[in-house]
1. Let me spell it out: the conditions are (1) in contact with a strand residue (DSSP E or B) (Cβ under 9 Å, 6 or more places away or on another chain); (2) of a type in the set (Asp, Glu); (3) without any contact (Cβ under 8 Å) to a residue 60 or more places away in the chain, and Glu76 meets all of them except one. Which number is the exception?
2. Within the range 8-30, is there a residue that is more than 26 Å from His211 (Cα to Cα) and away from ligand 1 (no atom under 12 Å from the Cβ)?
3. Output the qualifying pairs, or none if there are none: Cβ atoms under 7 angstrom, residues six or more apart or on different chains, first residue in the range 24-45 and farther than 19 Å from Tyr274 by Cα and more than 9 Å from ligand 2 (Cβ to nearest atom), second residue open to solvent by less than 40 Å² (accessible area, probe 1.4 Å) and hydrophobic (A, V, I, L, M, F, W, C).
4. What about Asp53, is it of a type outside the set (S, T, N, Q), without any contact (Cβ under 8 Å) to a residue 12 or more places away in the chain and more than 12 Å from ligand 1 (Cβ to nearest atom)?
5. What tally of residues in the range 104-152 results from selecting those that are within 21 Å of Leu180 (Cα to Cα), touching a residue at least 60 places away in the same chain (Cβ under 8 Å) and of a type in the set (Phe, Trp, Tyr)?
6. Are any residues in the range 137-177 under 19 Å from His39 (Cβ atoms) and either assigned to a loop (DSSP other than H, G, I, E, B) or among the basic types (Lys, Arg) (or both), and if so, which ones?
7. Condition first: open to solvent by less than 20 Å² (accessible area, probe 1.4 Å) and touching a Ser or Thr at 6+ places or on another chain (Cβ under 7 Å). Now tell me which residues in the range 86-103 satisfy that.
Amino acid sequence: MTTSTRPIPSPYQNDIARYWNEEERPVNLRLGEVDGLYHHHYGVGDVNWSVLDAAPADRDQAIIDELHRLETAQAELLIDSLGYVAPEERILDAGCGRGGTSLLAHARFGCHVDGVTLSSKQAAFANEQAELGGVSDRVAFHTGNMLDTGFTPGAYQAAWNNESTMYVDLMDLFGAHARLLKRGGRYVTVTGCYNEVYGQPSKAVSTINAHYECNIHGRSEYFRAMAANRLTPVEVRDLTPLTIPYWELRAKSSVATGIEEAFLSSYRDGSFQYLLIAADRI
Ligand code: GPP
Ligand code: MG
């Protein structure tokens, strides 16, 4: 087990660390308990709506299992876009949360994975999951700042942010990824962004920002910041239609948190989008 600690410099970063150190929402913990993959992102794909008709004694767990299946499908989709990673290579999960995507990526490629999160509690939790899974020799979670990891420049074949870009300045973030990635390495993000076709962000976006203490970016910011940092898009997918069913099921579940309507209304009216962007480090 490796847990390195670097200084957390800004008041906002302290706020983020506090937020995620204190977070214990059943929508994350109960889903993670299904199989030990704890995610901090949403789901994609068709819902098996028959779970709503399960026998009363089984219904709640059937819905939890289904939400978890859709969240795991989202992580697999992101990993699909990382390209081939050889077992001896390293990959980076920036804003790794409790580690679900990292563990899935290791299962896919067998490679070394470093996850970084500002939350020491998340890093410790994720390391425990890696231990339990018997992969802690290759998968390590670190308490630290994704903008200043201290990791070896040029050492990474792939890097990603699974719904964590809204906590950082994108110029700083992509500068950091460009330094860590090898030339020809792959960067992927799945993110929510506001749709600048409609100008400024809608009230729903402000509600989401307040809920998670984050700052959602506009779509064009991603492409500007990538272009400025040697990251050239190879794939852009609008996942909005694929994630709406997840939110519809979540809204009907016992683990709904109250944020569901803000996602559903802004995805449906087009003011907010769920995007996957993959880019090559040139
Ligand atoms: C949290 O996931 C996700 C974010 C903070 C990013 C916000 C995402 C956008 C697409 C805007 P979580 O799994 O911790 O959230 P919840 O507890 O609501 O499931
Ligand atoms: Mg969640």
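1. Going through (1) in contact with a strand residue (DSSP E or B) (Cβ under 9 Å, 6 or more places away or on another chain); (2) of a type in the set (Asp, Glu); (3) without any contact (Cβ under 8 Å) to a residue 60 or more places away in the chain one by one, Glu76 breaks only (1).
2. Within the range 8-30, none of the residues are more than 26 Å from His211 (Cα to Cα) and away from ligand 1 (no atom under 12 Å from the Cβ).
3. Sorted first by the residue in the range 24-45, then by its partner, the pairs are Pro26/Val255; Arg30/Ile64; Arg30/Val255; Val34/Ile64; Leu37/Leu103; Leu37/Leu104.
4. Spelling it out, Asp53 is indeed of a type outside the set (S, T, N, Q), without any contact (Cβ under 8 Å) to a residue 12 or more places away in the chain and more than 12 Å from ligand 1 (Cβ to nearest atom).
5. Number satisfying all stated conditions: 1.
6. Selection gives Met146, Glu163, Ser164.
7. Those that are open to solvent by less than 20 Å² (accessible area, probe 1.4 Å) and touching a Ser or Thr at 6+ places or on another chain (Cβ under 7 Å): Asp93, Ala94, Cys96, Gly97.
Okay, residues lined up against (1) within 23 Å of Arg281 (Cβ to Cβ); (2) more than 13 Å from ligand 1 (Cβ to nearest atom); (3) of a type in the set (Lys, Arg):
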site: Phe223; (1), (2), (3): yes, yes, no
site: Arg230; (1), (2), (3): yes, yes, yes
site: Val236; (1), (2), (3): yes, yes, no
site: Thr240; (1), (2), (3): no, no, no
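The values are calculated or read from the model by the stated rules, or taken from the named source; none is laboratory data. Note that the structure is a prediction, hence the values are computed from the model and not measured. We place every Cβ from the backbone using ideal geometry, glycine too, and count neighbours over all the protein chains shown. We work out accessible area using only protein heavy atoms, side chains counted, and drop any ligands, DNA or RNA first. Shrake-Rupley method; radii C 1.70, N 1.55, O 1.52, S 1.80 Å.
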